[in-house]
1. Okay, helix-only estimate at 222 nm for the chain: each DSSP H run of n ≥ 4 adds -39500 (n - 2.57), divide by all residues, round to 500 deg cm²/dmol; what do you get?
2. For region 1-74, with the dipole built from +1 on Lys and Arg beta-carbon atoms and -1 on Asp and Glu ones, taken about the Cα centre, which of THR49, GLN33, TRP67 lies farthest toward the positive end?
3. Subtract the Cα-Cα distance of ARG111 and PHE60 from 0.36 nm times their separation in residues, and report this length gain in nm to one decimal.
4. Determine, for VAL130, VAL27, the number of other Cβ atoms within 10 Å of each Cβ, and report the residues in order from fewest to most.
5. For PHE71 and LEU149 in the same chain, what is the full-extension length gain: residue separation times 0.36 nm, less their Cα-Cα distance, in nm?
6. Please list, in order along region 127-140, the HN-Hα scalar couplings obtained from phi with the Karplus expression 6.51 cos²θ - 1.76 cosθ + 1.60 (θ = phi - 60°), rounded to whole Hz, x for Gly and Pro.
7. Strictly greater than 16 Å: what percent of every Cα pair in region 106-182 meets that?
8. Working out 0.36 nm times the residue gap between ILE137 and ASP34, then minus their Cα-Cα distance, what length gain in nm do you get to one decimal?
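Coordinate-derived values only; no laboratory data. Predicted, not measured: the structure shown is a model, and the values here were computed from it. Cβ sites come from the backbone with ideal geometry, for glycine too, and all protein chains shown count toward neighbours.
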Amino acid sequence: MRRPSRITVILLTTGIPPLAFAVALFVLGGIPQDVAPYLTIALVLVPATVFLPLCAFVWFRYTSRTWRRRFQKAIPTSCIICGEPLPKSPLRRVRQVQGPHYQNTHSDFWRWEEKWRKVFLALALTLAAVTFYELAITNYVLFILGISLSVILALAWSEFEKRKLRSFRNQWRLIARTGMNS
Ligand SMILES: [Zn+2]
């Protein structure tokens, strides 16, 4: 059996006392008044101040790992236009590693992508700022509107990109075919 990690041990040692305390409270139907505050502090408050932040940290680490893995899987291993195999790359360096192929072979696609990526980023940031502002002034209707607009924007962008990509691919095929004939 694998030895439990230090985090698991801390989670167990800080998570069990409050649980045991709750069970004891339930079974005994109450604890003597004179020791109740000390027991509550020692068995619930102190462990909880370690347990809860650590739980949040573990959850955050787990979700960020899964997302990174998901994004990593989404990185294409071949060119999305001509299908030529491209070098594998970690998520952070994908533009550095795979970018040159697009820059050299599909320069019009590269320029198009660079331009629209900036536009989309600016739009998304503005929308996020407005949405956050609505939340801060507790205007929930506009907040929900902001969220829905973000979803619509993301869907519209993905559809727009898909279409444009298809046209770039067709263009490439046409060029390749005429290149072969001549
Ligand atoms: Zn290519």
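1. Working: 6 runs with 141 residues, N = 182.
Estimated from H runs of four or more residues: -27500 deg cm²/dmol.
2. Most positive-ward Cα: TRP67.
3. That pair, ARG111 and PHE60, stretches by 14.7 nm at full extension.
4. With the sparsest Cβ surroundings first, the list reads VAL27, VAL130.
5. Length gained between PHE71 and LEU149: 25.7 nm.
6. Couplings: 4, 5, 4, 4, 4, 5, 4, 4, 5, 5, 8, 6, 9, 6 Hz.
7. 62
8. Full-extension gain reported as 32.5 nm.
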